[in-house]
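Enquirer: What follows is a structure written as structure tokens; I'll ask about it next.
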Amino acid sequence: MLIDYSKQTGKKITTKGDKTKFINVENIIYIKCEDYLSTIFLNNNTEIVEVKKLREFEKELSEIGFFRIRNNTIINGNYITEIDPKIQKRTVKLGDTLFIIAKSRLKSFKDWIS
């Protein structure tokens, strides 16, 4: 599957209370969810917390180069710096951050990156 990262040029709207914040989608490195809170990690070391299910992010972002590697994590494929064949070919690096791909998502991930 060939991914067109140029489609990441749009803005993502996040809301917190009465504030609306606009972020560039291409600045999102990964999104991690704990309970009902999703944390968006940006390339400028900023974190934005949003009350939104990861499933909703996945629907919005999967067609523009984002992949859900675990039940609680979505990564931006544009930031992958290394895929490590150790640990049963299940690790991927985004900058200095190491992620382990869930066994159940490994085949889909391999198809996605090839």
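Enquirer: Considering (1) without any contact (Cβ under 8 Å) to a residue 24 or more places away in the chain; (2) surrounded by fewer than 12 Cβ atoms within 10 Å (Cβ to Cβ), say which one Val92 fails and leave the rest.
Expert: Among (1) without any contact (Cβ under 8 Å) to a residue 24 or more places away in the chain; (2) surrounded by fewer than 12 Cβ atoms within 10 Å (Cβ to Cβ), Val92 violates only (2).
Enquirer: Determine whether the range 50-59 contains at least one residue that is basic (Lys, Arg), without any contact (Cβ under 8 Å) to a residue 40 or more places away in the chain and on the phi > 0 side of the Ramachandran plot.
Expert: No, the range 50-59 contains no residue that is basic (Lys, Arg), without any contact (Cβ under 8 Å) to a residue 40 or more places away in the chain and on the phi > 0 side of the Ramachandran plot.
Enquirer: Only one of Thr15, Thr20, Thr39, Thr81 is assigned to a strand (DSSP E or B), within 19 Å of Ser114 (Cβ to Cβ) and either modelled with pLDDT of 90 or more or of a type in the set (Val, Ile, Thr) (or both); which?
Expert: Just a single option satisfies the conditions, and that option is Thr81.
Enquirer: Consider Asp111 against the criteria (1) part of a strand (DSSP E or B); (2) touching a residue at least 60 places away in the same chain (Cβ under 8 Å); (3) of a type in the set (Asp, Glu): it satisfies all of them except one. Which criterion is unmet?
Expert: For Asp111, the exception is condition (1).
Enquirer: Then there's this: Which ones in the range 23-36 are part of a strand (DSSP E or B) and at pLDDT below 90?
Expert: Scanning the range 23-36 gives Ile23, Asn24.
Enquirer: Given (1) touching a Ser or Thr at 6+ places or on another chain (Cβ under 7 Å); (2) surrounded by fewer than 19 Cβ atoms within 10 Å (Cβ to Cβ), where does Gly77 come up short, assuming only one miss?
Expert: The single condition Gly77 does not satisfy is (1).
Enquirer: Now a separate question. Restricting attention to the range 36-74, report how many residues are buried (at least 16 other Cβ atoms within 10 Å of the Cβ) and farther than 22 Å from Asp18 by Cα.
Expert: Counting residues in the range 36-74 that are buried (at least 16 other Cβ atoms within 10 Å of the Cβ) and farther than 22 Å from Asp18 by Cα gives 10.
Enquirer: If I go through the range 55-94 residue by residue, how many of them are within 16 Å of Glu26 (Cα to Cα) and more than 13 Å from the chain's Cα centre (by Cα)?
Expert: 1
The values are calculated or read from the model by the stated rules, or taken from the named source; none is laboratory data. Quantities reported herein were computed from a predicted structural model and do not represent experimental measurements. Neighbour counts run over all protein chains shown; Cβ positions are idealised from the backbone, glycine included.
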